[in-house]
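No lab work stands behind these numbers, since they all come straight from the coordinates. What you see is a predicted model; the values in this text were computed from it and never measured. Note: ideal-geometry Cβ built from the backbone for every residue, glycine included; neighbour counts use all protein chains shown.
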Amino acid sequence: MNGKLSRRDFNKLLVSGVAGAAFGIAGFSKPLFAASSRVVIIGGGFGGAAAAKYLRKLDPSISVTLVEPKAIFHTCPISNWVIAGLKTLPDIAQSYSVLKSRYQVTVIADTAVAIDAPAGRVTLKSGKVLHYDRLIVSPGIDFKWDAIPGYSQAVAEKNMPHAFQAGSQTMLLHKQLIALKDGSNVLICPPANPLRCPAAPYERASLMAMYLKKYKPKSKIIILDDKEKFSKQELFMQGWERFYPGMIEWRAATAGGKVEKVDGAAMTVTTEFGDEPGGVINVIPPQKAGSIAFEAALTDATGWCPVHPTTFESTIHPGIHVIGDACIAGDMPKSGFAASSQGKVAAVAIASLLRGKVPVSPSLVSTCYSLIAPGYAISVAGVYNLSSSGIVDIKGAGGLTPMDASDDHLRQEAAFAWGWYKNITKDNWG
Ligand SMILES: Cc1cc2nc3c(=O)[nH]c(=O)nc-3n(C[C@H](O)[C@H](O)[C@H](O)COP(=O)(O)OP(=O)(O)OC[C@H]3O[C@@H](n4cnc5c(N)ncnc54)[C@H](O)[C@@H]3O)c2cc1C
C-alpha cells in the first residue's frame with residue numbers, strides 16, 4: 001500500500017468514517033411530532049441496498065420503499081470469476097429477504113418510469129404511484145447503444161455480450177468462452193473513460209487467459225482499447241508477463257485499438273488496421289447514467305448526474321439524491337464500494353435533513369481488487385473528503401499494490417478480494 005497506510009489502518013479508517021457519521025445522527029433526539037417520513041429508493045444494487053438498510057438502522061421511524069425489478073440481484077464484482085469458471089452465478093446472487101424481514105424495508109418488484117419532482121411522486125411501470133419526502137436514485141449505468149456502428153442491444157444479447165451488467169450477460173460470455181474453438185481469438189473492446197469499474201476489462205482479460213491457457217492453448221486475447229492507458233496498467237502487465245506470456249495483446253486507441261464498427265453476424269471488429277475476427281467478442285460500449293435519470297432530467301451534458309457532495313442531493317432537483325455509478329462524484333471511481341459508501345452517506349444526510357439538522361461532512365472510501373490468477377491479486381484503494389472543488393482523493397491515504405510485491409503479499413490480496421466481497425454483500429443485503 002505504498003508504505004503509507006496498512007490494510008488494517010485503512011479498514012479502521014473505513015469503519016470509523018462510516019460509523020462516526022452514523023453516531024452523529026443517532027445522537028440527535030427524535031422530534032416530538034415524529035410523523036413518519038417516506039423515503040423511496042430506485043434501484044436495489046450497491047448504492048440503493050446500502051441506503052435502504054442504513055436509513056432503517058439510523059431511524060426506524062422512516063418508512064423506506066425500495067423499487068427494484070429483479071427478485072435476485074447478481075453482482076458485477078466477482079462476475080469475471082464466473083465468466084472464467086472460478087465461481088458460479090449462484091455465488092454472486094443477492095436476495096432482498098433480509099432487507100424485508102430484518103430491516104422492514106418495503107421492496108416492490110417493479111420499475112420506476114417517471115419522477116414528478118415538484119409533487120414528490122414516482123410512477124412505476126405497473127401504474128402504481130409512490131409519494132416521497134426524499135427520493136434516492138441509484139439506477140447504475142445504461143449504454144450508449146448508438147456509439148459503435150453495428151452494435152445494438154440485440155447484438156449484445158446474441159453475439160457480442162458486454163457482460164457489464166451481471167446475470168444473463170455474464171453467462172452468455174462464459175458459455176461462449178467454453179464453446180470457443182482452440183486457435184480462435186477472444187477480442188475485448190473496452191470504452192473510453194468514464195466506465196464502471198475501470199479495472200474490470202483487464203481483470204476479465206486475465207481470467208479469460210487463465211482459462212485459455214488450460215483449455216484452448218492456441219487461442220489468445222486481443223484488447224482493442226479506446227484509451228491510451230488503463231487502471232493498474234503496470235501491475236496487470238507484470239502479472240500477464242508472469243502467467244500468460246504472449247497470450248494477451250493490448251492495443252491502445254492510437255495504435256489500432258479504436259473500434260470503428262462491428263459486425264455481429266460475421267463476428268468481426270473493424271479498426272483502422274482492418275477487420276479483426278474473433279471467436280468470442282466482448283464489446284463494452286460507452287456508458288451513461290441509468291435511463292430513469294434521463295427521464296427525470298437529473299443528468300447534465302456529460303450524461304451523468306451532478307450532486308452536492310455532502311448529501312448527494314441533485315443540484316438540478318432538490319429532494320432527490322443520486323448515488324452510485326449514475327452520479328458525478330469527483331475523484332471517486334464508479335465502483336460497488338464507492339456506491340455502497342455513497343449510499344451510507346446519503347442515508348446519514350437524509351436522516352439529518354428529515355429532522356431539520358445540518359448534515360455532517362462525510363469521508364468516503366473505495367477499494368478495488370483485481371484477480372490476475374488464482375492466489376495472485378492486486379488492488380487500488382482511495383479515501384476521499386470534501387474540498388471547495390468537490391470530492392477529492394486524499395493524497396497518500398489510499399494506495400496501490402507495489403510493483404514486484406512478494407508472492408505472500410499477492411496471495412493475501414487474493415484472499416482479501418474474496419473476503420471483501422463476502423463483507424460488502426453482507427453489509428449491503430445481509
Ligand atoms: C465486470 C465488473 C466487475 C466489477 N468489479 C467490481 C469490484 O471488484 N469492486 C467494486 O467495488 N466494483 C466493481 N464493479 C463496479 C460495480 O458493479 C458498480 O460500480 C456498482 O454496481 C454500482 O452500483 P449502483 O448502485 O450505482 O448500480 P447497480 O449496482 O448496477 O444497481 C442498479 C440497480 O438499479 C436497478 N434499476 C435501474 N433502473 C431502475 C428503475 N427505473 N427502477 C427500478 N430499479 C432500477 C437495476 O435493476 C439495478 O439492480 C464491477 C463492475 C463490472 C462490470
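By DSSP, what percent of the beta bridges with both residues in the chain are antiparallel, rounded to the nearest 5?
Bridges in the chain are about 55 percent antiparallel.
With charges only on Cβ, +1 for K and R and -1 for D and E, what is the dipole size of region 145-283 about its Cα centre, in debye, rounded to 20?
Here the size comes out at about 580 debye.
So which residue, out of PRO190, PRO318, PRO77, gets the largest mean-square fluctuation from a GNM of the chain using Cα contacts under 10 Å as springs?
Per the Cα network of the chain with a 10 Å cutoff, PRO318 tops the list.
Mind grabbing the base-10 log of I(q)/I(0) for the chain at q = 0.12 Å⁻¹? Debye formula, identical points on the C-alpha positions, no solvent, two decimal places.
-0.99
Please give the charge dipole size of region 323-430, origin at the Cα centre, charges +1 on K and R Cβ atoms and -1 on D and E Cβ atoms. Round to the nearest 20 debye.
Dipole size: approximately 560 debye.
For region 261-352, what is Rg from Cα atoms divided by 2.2 N^0.38 Å, rounded to two decimals?
1.49
With springs only between Cα atoms under 10 Å, which of GLN94, GLN153, GLN165 fluctuates most in a Gaussian network model of the chain?
Of GLN94, GLN153, GLN165, the Gaussian network model singles out GLN153 as fluctuating most.
Could you grab the relative contact order for region 355-430? Cα pairs under 8 Å, six or more apart, rounded to a whole percent.
The normalised contact order for region 355-430 reaches 29 percent.
Considering only C-alpha atoms, what is the centroid distance from region 88-147 to region 397-413, in Å?
38 Å
Can you tell me the Rg and the Dmax, both Å, for the Cα atoms in region 50-133?
Considering region 50-133 through its Cα atoms, Rg and Dmax are 15.7, 49 Å.
What does the charge dipole of the chain about its Cα centre add up to, to the nearest 20 debye, if the Cβ of each Lys and Arg holds +1 and the Cβ of each Asp and Glu holds -1?
1320 debye
Quick one: what are the phi-derived ³J(HN,Hα) couplings along region 255-268, Karplus 6.51/-1.76/1.60 with θ = phi - 60°, whole Hz, x for glycine and proline?
Here the 3J(HN,Hα) series is 10, x, x, 5, 7, 8, 6, 10, 10, x, 6, 7, 6, 9 Hz.
May I ask you to list the trypsin sites (Lys or Arg not before Pro) in region 102-149 that are in a DSSP loop and have at most 14 other Cβ atoms within 10 Å of their Cβ?
ARG102, LYS125, LYS128, LYS144
Could you work out the percent of alpha carbon pairs in region 351-407 separated by over 16 Å, rounded to a whole number?
Beyond 16 Å sits 60 percent of the P(r) for region 351-407.
Show me, for region 365-375, the HN-Hα J-couplings you get by feeding each phi into the Karplus relation (A = 6.51, B = -1.76, C = 1.60, θ = phi - 60°), rounded to Hz, glycine and proline as x.
Working through the residues one at a time gives 9, 7, 10, 10, 9, 10, 8, 9, 8, x, x Hz.
Put +1 on the Cβ of each Lys and Arg and -1 on the Cβ of each Asp and Glu in the chain; which of PRO190, TRP429, GLY390 then has its Cα farthest toward the positive end of the dipole?
TRP429
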